[in-house]
Each structure stands twice: as C-alpha cells, then as structure tokens.
2 protein chains.
Amino acid sequence: MRIVVLAGGIGGARFLRGLKATAPEADITVIGNTGDDIHLFGLKVCPDLDTVMYTLGGGIDEEQGWGRSEETFQVKSELAAYGVGPEWFGLGDRDFATHIVRTQMLGAGYPLSAVTEALCARWQPGVRLLPMSDDRVETHVAVDIDGERRAVHFQEYWVRLRASVEAQAVVPVGAEQSTPAPGVLESIAEADVVLFPPSNPVVSVGTILAVPGIREAIAEAGVPVVGLSPIVGNAPVRGMADKVLAAVGVESTAAAVARHYGSGLLDGWLVDTADAEAAAEVEEAGIRCRAVPLMMTDLDATTAMANEALALAEEVRG
Amino acid sequence: MRIVVLAGGIGGARFLRGLKATAPEADITVIGNTGDDIHLFGLKVCPDLDTVMYTLGGGIDEEQGWGRSEETFQVKSELAAYGVGPEWFGLGDRDFATHIVRTQMLGAGYPLSAVTEALCARWQPGVRLLPMSDDRVETHVAVDIDGERRAVHFQEYWVRLRASVEAQAVVPVGAEQSTPAPGVLESIAEADVVLFPPSNPVVSVGTILAVPGIREAIAEAGVPVVGLSPIVGNAPVRGMADKVLAAVGVESTAAAVARHYGSGLLDGWLVDTADAEAAAEVEEAGIRCRAVPLMMTDLDATTAMANEALALAEEVRG
C-alpha cells in the first residue's frame, strides 16, 4: 500500500509513528511543510522537516516534541554573549550541525529535496521525506502591533510572540510562484490513500496545498483522502490553529475545519469522540465522518488513530 | 609608549600577556597573522587572531593554548555523524559561535578588520588587534606525498599531517596582491618600539612581513625593532618552526633566525641562556643580542622576557 501524508511538525511526526506501527509494510511518502523554514545565523533551518526526520529517526527530544534529544546550547549562549540573536529561537548544538550541513549543500547548489534525502540517509526515518517544494515559500502572519499592521515571519509569530496577538492574515509568500518538489506529484498520482494528519490546517497542511498543483493532484488522484481533526472540543490539541483559523475566517471546530478542506478534496474525516455530535454536520457537507479518540497520548493511541484513518479510507473506497 | 607586536598564535598570545603585565600603561597594537585562516563548514576560521583574542580576553583553554575553555564538541561530533568533515580540525561548540558571527559579518560586507574589532568588543583583550590584511592570504606548504608534489593548506600540514612530512616550500598565496589592513601602517609609523614575539619566523611573522608594505614600514620606522628567538637549543620551543625554516633554507638555530630577519629589519635579538654562545654570531651580523631565559613557563617568566625585550629596545635606542 502506498500512502501519502501531508505533514507539519510535531502533530504530523507523531501521527507518522503510529502510521508506521499500524502499516509496517506500507510505502509511505511524507510531503513536508517548508513554509516555516527560516534563516538564522546564516543557516537554513527547516523545523517541520527536521521534526519529522528526528522523530522517526530516533533523535527527537521526546518531551518537547521538537529539537534533538540530550541537547546542549553552547553555541546559542555564546552567540548571545556576542550580542547576536535572535535569542527567542532555540537552536541547540546538535541541531546546529544539521543546519550547517544543509546550508553547505544548498550553497553547493543541491536543491532542498536532495539535501533532505542526504540528511535522511543518516536518520533512516523509514519514510520517503520530501519537501513540498524546492522553492522558497515563507509563511508570514499579518498582525497589528501598537496600532500598526506588520507582517512577521511565522516563527516570529509563534515562537517570539507566542501567538499572543490576533493573526489578521496568513500569507504563504512565494507559494504562487513555487512548484512541487521532484517526486511530490508522482507520489500523489501513485498513492492508494492520502492522509492529512492532525497538523495545522492553515500553516501546515494549508501551506502545502498552496503550492500550485498539489491540491489539484490530490483532488484528481481518485483515491481516498482522509484527514484527522487537529481540533478537539473546539480547541487545538496543541499549537495555535485557533488563531490562524480565525485569520482565514474558519471557526475552531472539528466540523468547520472539514468544511474548510471541503468535499472536493476530503473524502473522510475523523473527529474526536468529544466532538461526536459534529459528525452529522460533516457528513452533510459530503464528507464521511467517524468519531474516535484523537489524543496522541502514546504510541498505542496514535497507532489506533492511524488504523482508524486507514479503515475509514477503505470504507470510502467501498 | 606605543608598542607594535607582530603575532602568530600561542607563542605570540602568551608573550602579549607578559608584555601587558610589564607595560600596563603601554598602548599595544597587535598585527595578527591571518595566513593560517581556513574555511571550514562554510565558516571563516581565524586561528591566530582568535588565540590572541581568547588568551588576552580570558576565554582560552589554558592547557592546550588554543580554543575555548570549558569547550564541548557536540556540533563537530554531529557533523561527523553526517559524514561531514574534516574531523582533524578541532572546532568546539563555543568556538563555532565566533566563526558564525565572523562569517555573518563578512557576508554582510564588513572587512575582517571591522569584524575583529566587533569580536574584541566582547573580549576586551586590552590591545588593539588588527589582522595583517583584510585580503585573503593563505599559507600553503608544498609536500611530497607518494612521490608527488602537492600543495596543502598550512592547517592541513600542521594539524592533519602533524608536520610529519618534509616541507619543500612555504607559499603565502595571495600575499603579493594583498594590502595591509587599515591601521597597520599607521600603527607602525607611530610606534615607539616594534617587537617580534617568539612566534614562528616563517609561517607567522614571515607571513605578516610578506604583506607588501609592512616590512618596509618597520624598516623605515626608525624605532628599535627587537625579537625573541622561538628556537631554544636548536629546536623550536613548540610547533614546527624547524620544518618550515628548513623549507626556506634556514638552520634551526637562534642565530640563523636572527640573520634570516636581518640587520636591515632587526635591531635587537634575545636568545635563550642555553644559546648564549650564539650571541657573538648575532652581534657580528649587526644585531644587538642578549641571552636571557626564554621559556614561557608562567606569567612571571613571560613578563620577565617582555621586560628584557623592552630593555634591549631602550639599549638599542641609546
């Protein structure tokens, strides 16, 4: 079975662990969000790709869900001693090495997809990890600070401002001019099922779908497309999905997110048992819906979720 | 008193500590060798400048004489896990930060002299540290490996090959086209004394003198120029001076090094008490010579050496 997964960071990475556990023989291609990539200290940092790579490769900090395990912060604290920031972004020493290798390969002319493959040669994540695009796409969030409208990088919105101000708009800068990375459209065309893990529907899955050609390829693939709600009980399980959903005029409910994706794209939708009453509304929108536990508390729970998603895909396939 | 010192790495840096101790009121300008600078992992590394900066700024690893104290090597070991080298060059995590800041500033268009000043704003070395040139000069060593003549970077010769093969020639690539950094010629013209610490006469002091204009400025300054022999008992106190002296046809003796600098440049020369019998030969070459203890075993010994150098300068001045 060939499965394509559109993944953001922590939520996507943890879901993929469950998917690998429930479908160990499956051929899994992950299309990773690169909209929150950022240049820091002259280095190219790809937080979502790295979270997937480290999580599946056994190098993740399990507790915080991002960054390397047994991490130290000597480089960062020395940079701060020179007065060089930003201090709000937590780059650890082990993590630095990944960005140094990536930046050197990009500088040598390799596209991000080839660089990602080279990095994965070490981590062996057990999936094929593709960036959504080799082109630069950068998610900016429009905010009002002191009465003035400003566009800040997504990382600045999320990590520095902690999403404490209202997001007025979310713009994946460069998306319109970007093209899918090599292998992205091919993997979708050859997929037996496409999954949207409980990643952020705006700044993760939404950004991937903003790369021209990807949404169309999924809609036209003619295979079940099943998603899992990142909203449980009208609030995001983690992150700031509520803030960025509001910016695009979507309510923070499991049903509203399904309608946002739409029946033209989505065939099946899993909501949490806490949102069982939303199922009827989703089905009315033409999307098959089941209510199952959606909290990724441990690998067993996550594996069960992935299993439900595949079961719903089979049900949709009929 | 305005003192100009031409410095390499460890020997120069330690001597400067003694000089600051014996002449705390002096205005000291250090012209640092940049011929053994190297690009590693996309970063610009300036070993000699950093050794001076860290030593005088209190950040040096006292035991090894180079690199940062309380250093860790997470970045390097992670780079190795990616298969990215060279592994033979010991870049620590704290040290990495210096090279990241330097590389970013150079990338932004600042010349190395301005970058060095910015780094020193943190370290407060108590001297004015100038690179010999803002231009790229790179010391290469010609060696025969498996019957073939090859030019290797000085760091490769010294750190990787540990100077275990004969140096056939030493070439400061780019020196002829280089110009002294801002402040270098001015500081020499305004100096009351110029000192050559017991640094390597070929790949440290020799490289600085290879920048067109510096040797001439020193010769024409009309002030005492006094050096300290890095050769004691016919062997270098540390490093590979014997190997690179042989490559330029100079014997590894305290007297031969003085003659190599020459009376056109050098007015006074300190040899170690172990080489007292060499004094006559040096004086015959037209260079005032004294035999004093030249082992920098501790700050007291180093301070005494610096004091002897200043005393010899006064004697020369007459």
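FYI, it's all coordinate maths here, none of it is from the lab. Owing to the predicted nature of the structure, the values given are computational and were not obtained by experimental measurement. Ideal geometry is used to build each Cβ from the backbone, glycine not excepted, and the neighbour counts take in all protein chains shown.
At 10 °C and a viscosity of 1.306 mPa s, what translational diffusion coefficient does Stokes-Einstein give for segment B:51-106, taking Rh as the Kirkwood radius over Cα pairs? Give it in µm²/s as a whole number.
132 µm²/s
With a cut-off of 8 Å between alpha carbons and a minimum separation of six or more residues, what is the relative contact order of segment A:1-154 in percent?
So the answer I get is 25 percent.
So which GluC sites (Glu not before Pro) in segment B:185-248 pass both tests, a DSSP loop state and at most 16 other Cβ atoms within 10 Å of the Cβ?
Listed in order of number, the matching sites are B:190.
I'd like the Kirkwood hydrodynamic radius of the protein assembly as shown, using the inverse of the mean 1/r over distinct C-alpha pairs, in Å.
Result for the protein assembly as shown stands at 27.9 Å.
If you place +1 on the Cβ of every Lys and Arg and -1 on the Cβ of every Asp and Glu, how big does the dipole about the Cα centre of the protein assembly as shown come out, in debye to the nearest 20?
Computed charge dipole of the protein assembly as shown: roughly 260 debye.
With the Cα gyration tensor of segment A:254-318 giving a ≥ b ≥ c as the square roots of its eigenvalues, does the rule (a/c under 1.5 for rounded; else a/b larger than b/c for prolate; else oblate) give rounded, prolate or oblate?
Oblate, since a/c reaches 1.5 and b/c is not below a/b.
If you average 1/r over all unlike Cα pairs in segment B:72-186 and invert the result, what Kirkwood radius do you get in angstrom?
Mean inverse Cα-Cα distance, inverted, gives 16.7 Å.
What list of ³J(HN,Hα) values in whole Hz, one per residue of segment B:26-39 in order, does the Karplus curve 6.51 cos²θ - 1.76 cosθ + 1.60 (θ = phi - 60°) give from phi, with Gly and Pro shown as x?
3J(HN,Hα) across segment B:26-39, in whole Hz: 5, 9, 9, 10, 9, 9, x, 6, 10, x, 9, 4, 8, 9.
Out of B:215, B:17, B:149, any idea which swings most in a Gaussian network model of chain B, alpha carbons joined below 10 Å?
B:149
Amide H neighbours of residue A:72 under 5 Å, at least 5 residues apart or on other chains, H built in the peptide plane: list them.
Hits under the 5 Å cutoff: A:93, A:94.
For a quick check, take a GNM of chain B with Cα springs below 10 Å and name the residue from B:13, B:121, B:167 with the largest mean-square fluctuation.
Highest fluctuation among the options: B:121.
Taking the label point 7 Å from Cα in the Cβ direction, how far apart in nm is residue B:283 from each other copy of itself, listed shortest first?
So the distances to the same position in the other copies read 11.1 nm.
log10 I(q)/I(0), Debye, Cα-only segment B:1-120, no solvent, q = 0.22 Å⁻¹?
So the normalised log intensities work out to -1.33.
Determine the relative contact order of chain B: mean sequence separation of Cα pairs under 8 Å and six or more apart, normalised by residue count, in whole percent.
19 percent
List A:44, B:76 from most exposed to least, where exposure is judged by having the fewest other Cβ atoms within 10 Å.
A:44, B:76
Which of A:129, A:168, A:119 sits closest to the plus end of the dipole of segment A:114-209, meaning its Cα is farthest towards the positive end, when Lys and Arg get +1 and Asp and Glu get -1 on the C-beta?
It is A:119, whose Cα lies furthest towards the positive end.
What are the ³J(HN,Hα) values, in whole Hz, obtained from phi via the Karplus relation 6.51 cos²θ - 1.76 cosθ + 1.60 with θ = phi - 60°, for each residue of segment A:270-275 in sequence order, with x given for Gly and Pro?
In residue order, the calculated couplings are 9, 10, 6, 4, 5, 10 Hz.
Using only the Cα atoms of segment A:153-276, build the gyration tensor, take square roots of its eigenvalues as a ≥ b ≥ c, and label the shape rounded, prolate or oblate: rounded if a/c is under 1.5, else prolate if a/b is larger than b/c, else oblate.
oblate
Could you name the residue in chain A with the C-beta closest to the rotation axis that superposes chain A on chain B, along with the separation in whole Å?
A:93, 2
In percent, how large is the relative contact order of segment B:125-192, given Cα pairs closer than 8 Å and 6 or more residues apart?
Contact order relative to length: 43 percent.
Mind listing the long-range amide H neighbours of residue B:232? Cut-off is under 5 Å, sequence gap 5 or more, other chains count too, H placed in the peptide plane at 1.01 Å from N.
Under 5 Å from the amide H of residue B:232 lie the amide H atoms of B:237, each far enough along the sequence or on another chain.
List A:120, A:46 from most exposed to least, where exposure is judged by having the fewest other Cβ atoms within 10 Å.
Least crowded to most crowded, the residues run A:120, A:46.
To one decimal in nm, how far is residue A:62 from the same spot in the other copies, if labels go 7 Å from Cα toward Cβ? Please give the shortest first.
Spelled out, the distances from residue A:62's label point are 4.1 nm.
Net charge around residue A:235, counting only other residues with Cβ within less than 15 Å of its Cβ (Lys, Arg = +1; Asp, Glu = -1)?
-2
Return the calculated 222 nm mean residue ellipticity for chain B, to the nearest 500 deg cm²/dmol, obtained by summing -39500 (n - 2.57) across DSSP H runs with n ≥ 4 and dividing by the residue count.
Computed ellipticity for chain B at 222 nm equals -10500 deg cm²/dmol.
Which lysines does residue A:76 reach when only Cα atoms under 23 Å apart count, and residues fewer than 8 places away in its own chain are ignored?
A:44, B:44, B:76
Quote the charge dipole size of segment B:50-113 about the Cα centre in Debye, to the nearest 20; the model charges only the Cβ of Lys and Arg (+1) and of Asp and Glu (-1).
320 debye
All other residues with a Cβ under 10 Å from the Cβ of residue B:136 taken together, and with Lys, Arg as +1 and Asp, Glu as -1, what is their net charge?
Charge balance near residue B:136 sits at -3.
State the answer as a single residue: which of B:109, B:73, B:56 lies farthest towards the positive end of the charge dipole of segment B:50-127, with beta carbon charges of +1 for Lys and Arg and -1 for Asp and Glu, about the Cα centre.
The residue sitting most towards the positive pole is B:109.
Can you sort B:211, A:171, B:223 so the residue with the fewest Cβ neighbours within 10 Å comes first?
Least crowded to most crowded, the residues run A:171, B:223, B:211.
What is the Cα centroid distance between segment B:294-318 and segment B:185-228, reported in whole angstrom?
If you average the Cα positions of each part, the centres end up 17 Å apart.
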